[in-house]
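Have a look at the structure below before the remarks.
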Amino acid sequence: MFRFPSLLLSRRLHRRKLSSTPSRPPSLPLSHPIYLIWGSNTGVGKTLVSAGIAASSLLSSATTPSQFHYLKPLQTGFPADSDSRFVLNKLRQLSLLRNPNVHLSSSHRVLNVSPAVLDTNLLPGEVGRGHSELHCKTLYAWEEAVSPHLAAEREGLAVQDSVVLETLGECFEYVVERGAGRERSDVLCVVETAGGVASPGPSGTLQCDLYRPFRIPAVLVGDGRLGGISGTISAYESLTLRGYDVVAVAFEDHGLLNEGPLMSYMRNKVPVLVLPPIPRDPSNDLMEWFESSHRIFTNLKEIMLSAYFERIKKLQDMPREARDIIWWPFTQHKLVPDGGVTVIDSRCGENFSIFKKTEVIAPQFDACASWWTQGPDAIMQAELAREMGYTAARFGHVMFPENVHEPALNCAKLLLQGVGKGWASRTYFSDNGSTAIEIALKMAFRKFSVDHGFIVDCHDDTTNERPTELMVLALQRSYHGDTLGAMEAQAPSSYTGFLQQPWYTGRGLFLDPPSVFMHNNTWNISIPEGYVWESQKGQSITFSSSDEVFHKGRDKSELATVYSSYISKVLSRFKESNNVGALIMEPVIQGAGGMHMVDPLFQRVLVNECRSRKIPVIFDEVFTGFWRLGVETAAELIHCVPDIACFGKLLTGGIIPLAVTLATNAVFDSFIGDSKLKALLHGHSYSAHAMGCAAAVKSIQWFKDPCSNSNITSEGRLLRELWDDKMVCRISSHPAIQRVVTLGTLFVLELKGEGASAGYGSLYARPLIEKLREDGIYMRPLGNVIYLLCGPCTSPEICNQLLIKLHRQLEEFYGCKN
């Protein structure tokens with residue numbers, strides 16, 4: 001027996017524009033299976049498939065009460081056309097036909113309608129409860145039967161993407177609440193999209209992008225008509241290219257045997273189900289068609305349940321399996337607690353989607369930018385995926401020496417017109433930052449050797465005789481990578497001791513640089529011992545803003561003279577200083593060494609001192625380049641250029657490894673000669689790989705274009721301020737904080753700590769990090785130093801939310817108020 005459906009109408013007119021406070025993406029519960037129903041086009045029978053799945057779930061011979069939730073986020077042509085009402089009515093009829101003595105409880109709600117919809121067609125009824133339950137909801141409805149973006153524009157119900165997702169998330173919460181206490185397989189929810197896979201939503205965003213933050217598994221309703229093979233494959237590829245899991249394809253049989261080519265294309269990895277032809281004259285309201293399709297829909301439901309249980313098992317087993325077979329970098333496995341392995345199901349823009357013990361897929365902001373590599377938002381991520389897919393299909397991989405391909409050439413041009421503008425003339429490709437440094441050192445040492453007469457004849461260089469032992473000039477707290485040569489060019493640290501690198505000797509002179517930081521709302525310079533400045537002895541050096549720190553007018557200050565004297569003194573103290581073949585430094589920010597900001601005046605003076613001695617200058621911009629510090633290259637902050645510079649990480653938007661070493665013509669010319677032995681004999685199998693170069697081209701263009709990156713200022717040279725000044729000042733004044741650094745996309749704080757609580761090996765920050773992860777922020781500390789790292793496209797509103805959460809956790813954790 002069927003109880004009358006209820007139409008509970010809530011006329012909430014969401015005329016919301018873009019919010020100044022972006023909401024956190026909602027979570028996807030996994031307590032019961034949830035699926036998206038996609039169509040390869042409009043009119044292919046998505047609603048029939050939804051109704052068929054509902055019937056197989058609710059009207060089977062099983063005695064266990066079941067529950068089915070049908071959600072239609074976007075409906076046009078309403079109320080004349082209502083897919084949720086169609087599903088409700090068909091289930092009513094099928095229930096009376098199959099099991100007239102079984103109670104089917106049902107509810108029907110339309111949550112938000114445009115002002116154009118008249119109430120006269122919306123008749124409420126009674127909500128019933130019974131053996132099995134059917135819940136149908138339409139989330140947003142418009143009267144005109146056009147694409148949702150047109151209907152929203154014409155009828156005044158404009159809905160932004162985040163609101164659609166929030167409303168859908170609330171519906172998922174209802175599914176969980178209503179299904180509490182039931183077995184997993186006794187509750188099933190489907191979300192039916194509108195039109196085709198790439199049909200726009202109300203904001204104009206393609207629906208395949210709109211719903212991507214949830215990454216809900218998909219059933220694709222294909223097209224069995226003429227031309228349907230192409231349309232179905234295109235829809236399938238659009239979904240998989242965005243990271244959706246398609247568990248099955250179903251379509252109506254039109255007698256054209258479309259299933260053969262589809263199964264061949266999908267290589268039998270995705271089941272293809274063929275439904276009987278739909279009667280053109282449905283004289284009995286399609287009851288016979290549903291009955292004849294019952295076995296197929298039951299099969300489809302079982303495929304959906306099987307895929308769901310397989311996914312749950314994988315997610316639950318992954319931490320244990322990972323601990324058994326994976327060796328993580330920079331990780332003491334003994335210190336990883338039970339439950340300490342984060343299972344990342346996917347990524348969408350700046351957020352991880354992580355599997356939590358509460359059986360939800362929840363968003364977590366990637367605040368370490370996955371080791372400083374990430375920059376794309378969700379839109380750019382999709383763009384990069386398409387670009388790389390095209391490039392992989394076009395090139396695969398091709399070798400590079402004496403060859404050229406379009407992605408590499410375009411990438412080289414953009415680099416020389418961008419980060420290398422005004423000084424660089426050559427681009428050397430490699431595969432990661434550390435190897436880019438190795439290449440840079442070889443370049444610099446050759447240039448130095450040529451300039452200082454160490455190289456005479458390169459026609460026969462087969463011996464191991466060395467006219468001199470070259471060393472580098474570098475900074476304390478430096479870090480340039482994990483390969484052996486790069487480690488030799490950095491100062492002794494936790495990374496270079498005998499435990500980590502028994503071959504390490506530290507082939508360099510390592511200067512102790514002055515650092516800049518904020519404390520108690522004031523910018524300070526900390527000058528180490530060894531600098532002679534009698535007039536300021538015992539006095540602090542402060543600035544009212546970071547702009548003063550970077551002002552080039554400081555070149556005429558007494559401090560510039562102090563820096564010059566210190567550098568000259570160190571160089572003159574060591575007889576080996578005549579063999580300093582390169583200066584290598586991270587401009588402005590030293591990353592792995594503790595996220596210290598070096599006084600840009602000191603680095604500028606240091607570069608000038610090296611220029612006067614014909615010592616080639618290397619900038620390690622693997623971390624700092626491509627807007628990480630608010631400018632395209634950190635060279636703009638210290639107002640001087642190098643001879644050689646290394647870039648990586650954000651170069652490709654972080655989606656794939658690629659690195660480059662840029663050099664001047666003078667450096668390049670030092671390798672030119674009649675013998676191949678004088679060439680730079682260094683390379684990688686994947687040098688200038690096409691996918692990396694294509695991703696780099698897209699990223700470089702995307703980040704600096706105000707049309708795609710709203711954070712770029714009108715002049716196109718700077719990012720707007722991302723971190724709220726007031727919140728930064730409040731955190732810098734917190735009693736638990738030693739120092740704060742904020743620049744571009746980076747926010748750093750050092751917790752006060754002594755002894756074992758300080759330094760890279762410290763676990764002092766771990767409890768705070770765990771709290772922040774619970775609060776939706778994924779962070780990974782450098783000992784007692786923690787940092788937030790957003791992308792060049794991240795909105796200031798999101799950055800402010802991160803600071804608010806951080807400040808709240810600081811106060812709650814340390815019990816300190818300010």
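The values are calculated or read from the model by the stated rules, or taken from the named source; none is laboratory data. Computed from a prediction, not measured in an experiment: that's the story for all the values here. Note: ideal-geometry Cβ built from the backbone for every residue, glycine included; neighbour counts use all protein chains shown. Only protein heavy atoms, including side chains, enter the accessible area calculation; ligands, DNA and RNA are left aside. Shrake-Rupley method; radii C 1.70, N 1.55, O 1.52, S 1.80 Å.
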### Query
In the stretch 786-808, how many are touching a Leu at 6+ places or on another chain (Cβ under 6 Å) and of a type in the set (S, T, N, Q)?
0
### Task
State yes or no: is A694 in a helix (DSSP H, G or I) and surrounded by 18 or more Cβ atoms within 10 Å (Cβ to Cβ)?
yes
### Query
Is there any pair linking a residue in the stretch 43-71 that is over 24 Å from D253 (Cα atoms) and basic (K, R) to one that is outside any helix (DSSP H, G or I) and at pLDDT below 95, with Cβ under 9 Å and at least six apart or on different chains, and which?
none
### Query
Which residue, of A218, A235, is in contact with a helix residue (DSSP H, G or I) (Cβ under 8 Å, 6 or more places away or on another chain), open to solvent by less than 50 Å² (accessible area, probe 1.4 Å) and either of a type in the set (F, W, Y) or at negative phi (or both)?
A218
### Query
Residues in the stretch 659-678: is at least one more than 20 Å from F448 (Cα to Cα) and surrounded by 24 or more Cβ atoms within 10 Å (Cβ to Cβ)?
yes
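Yes/no per residue for (1) among the charged types (D, E, K, R); (2) surrounded by fewer than 19 Cβ atoms within 10 Å (Cβ to Cβ); (3) more than 29 Å from V617 (Cα to Cα):
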| residue | (1), (2), (3) |
| --- | --- |
| P363 | no, no, yes |
| A367 | no, no, yes |
| W371 | no, yes, no |
| G375 | no, no, no |
| L384 | no, no, yes |
| P401 | no, yes, no |
| H405 | no, yes, yes |
| A408 | no, no, no |
| G420 | no, no, no |
### Task
Kindly indicate which of G594, G553, G581 is among the small types (G, A, S), in the same structural domain as T661 (by TED's automatic domain parsing) and in a loop (DSSP other than H, G, I, E, B).
G594
### Task
Would you confirm whether any residue within the stretch 626-636 is touching a residue at least 12 places away in the same chain (Cβ under 8 Å), of a type in the set (G, A, S) and part of a loop (DSSP other than H, G, I, E, B)?
yes
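If we keep just the residues of the stretch 605-625 that are in a helix (DSSP H, G or I) and either open to solvent by less than 10 Å² (accessible area, probe 1.4 Å) or out of contact with any helix residue (DSSP H, G or I) (no Cβ under 9 Å at 6 or more places or on another chain) (or both), which is nearest to L718 (Cα to Cα)?
Of all residues in the stretch 605-625, those in a helix (DSSP H, G or I) come to 605-612.
Next, from what is left, pick out any that are either open to solvent by less than 10 Å² (accessible area, probe 1.4 Å) or out of contact with any helix residue (DSSP H, G or I) (no Cβ under 9 Å at 6 or more places or on another chain) (or both): 606-607, 610-612.
Working: L606: 25, V607: 24, C610: 29, R611: 28, S612: 31 Å.
Once the filter is applied, the top-ranked residue is V607.
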### Task
Kindly indicate the residue of the stretch 509-546 that is at pLDDT below 95 and among the charged types (D, E, K, R) and also most open to solvent (accessible area, probe 1.4 Å) among those meeting that condition.
E529
### Output for the stretch 705-763, where each listed residue is in contact (Cβ under 8 Å) with a residue 60 or more places away in the chain and assigned to a helix (DSSP H, G or I)
M727, V728, C729, R730, I731, S732
### Task
Look through the stretch 244-271, keep the residues that are more than 31 Å from the chain's Cα centre (by Cα) and among the small types (G, A, S), and return whichever of them is least open to solvent (accessible area, probe 1.4 Å).
A250
### Task
Report yes if some residue within the stretch 323-336 is modelled with pLDDT under 95, under 30 Å from L763 (Cβ atoms), in a helix (DSSP H, G or I) and of a type in the set (A, V, I, L, M, F, W, C); otherwise report no.
yes
### Selected residue [under 19 Å from V748 (Cβ atoms) and either of a type in the set (F, W, Y) or at pLDDT 95 or above (or both)] from V617, V549
V549
### Message
Condition first: open to solvent by less than 10 Å² (accessible area, probe 1.4 Å), in contact (Cβ under 8 Å) with a residue 60 or more places away in the chain, touching a strand residue (DSSP E or B) at 6+ places or on another chain (Cβ under 8 Å) and not hydrophobic (A, V, I, L, M, F, W, C). Can you find one or more residues in the stretch 182-191 that meet it?
### Response
no
### Query
Would the stretch 49-58 turn up any residue that is assigned by TED's automatic domain parsing to the domain that holds W142, more than 23 Å from E144 (Cβ to Cβ), open to solvent by 50 Å² or more (accessible area, probe 1.4 Å) and at pLDDT below 95?
no
### Query
Quick one: is G581 open to solvent by less than 20 Å² (accessible area, probe 1.4 Å), small (G, A, S) and under 37 Å from the mean Cα position of the chain (by Cα)?
no
